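One structure is given below, encoded as structure tokens.
Any read-out appearing in this document is the output of simple, stated calculations on the displayed coordinates, not a laboratory observation. From a predicted model like this one, the values you see are computed outputs, not experimental measurements. Backbone-built Cβ (ideal geometry, glycine too); neighbour counts: all protein chains shown.
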Amino acid sequence: MLDTRRPGLAHACAAVLRRDLTLAWRQRGDMVLPVLYALIVTSLFPFALGPESALLKRIAGGVVLVTVLLAMLLALDAMFRSDIEDGSLEQLMLAPQPLALMLGMKILAHWLATALPLIVVAPMLAGMLHLPAAVMPVLLAALLLATPLLSLLGGILVALTAGTRRSGMLLALMLLPLCVPVVIFAAGALAAAQEGLPWIAPIAWLGAALVLAVVLAPLACAAALRIALDS
């Protein structure tokens, strides 16, 4: 168990989070790219399928969900790239603070810089496809649970491929099987909400998976990173 009472631990966590968010803000063009991708993909569906409101309403939840998750993949490869290139990740491994906790802060910063803007624009994307307003809270709840879960799972895979160049395609292939259960539960909640059926159960499963990932994913990420950098 991590000792959160260790002197300087809270300050170190805040410093890592502040540093990564500052770097992300300085490179805010990279933050805008996933949002533009989601806007472009979503806006193309009415042109491809036609302006029929009933059809767009039926697929709106799934389209927005999958588009947001795919947009996150655009920035996944860069989660630890700059830290590996400038050597700060090796310094972090030598720091007295627990590596798993520090990596958890970096994953949180990545989620705030990448997924949170997508969640903010998700209602607009859903509105473009005529998603009923009553389903919007379910969509936001599903995204607030699914996106950090995928960031945590993606962090493990990024750590495993830390020493590999051009690992974007490899990451996408490795993350695809992990995305399927997340998409199934999130889309199931949206479909149930649109049909007027209970939707709490799929959201609860996503929440349980997120809690488990918050506890275990940073530990697995730290172990994978040590293996990748030592090899």
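Summary of values
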read-out: Per-pair calculated FRET efficiency, R0 = 25 Å: L212 and M93 via Cβ, rounded to 0.05; value: 0.50
read-out: Relative compactness, the range 106-231, computed as alpha-carbon Rg over 2.2 N^0.38 Å; value: 1.17
read-out: Computed E for R226/L33 - FRET, C-beta separation, R0 41 angstrom, nearest 0.05; value: 0.85
read-out: Kyte-Doolittle mean at least 1.6 and Cα axial length at least 18 Å: DSSP H helices in the chain; value: 53-76, 99-128, 136-160, 168-194, 200-230
read-out: Translational D in µm²/s for the chain (Stokes-Einstein at 25 °C, 0.890 mPa s, Kirkwood Rh from C-alpha pairs); value: 132
read-out: Label-reachable residues, the range 169-196, where backbone N falls under 20 Å from a point 7 Å from A134's Cα toward its Cβ; value: 187-196
read-out: For the chain, calculated [θ]222 nm from helices alone, where every DSSP H run of n ≥ 4 adds -39500 (n - 2.57); value: -28500 deg cm²/dmol
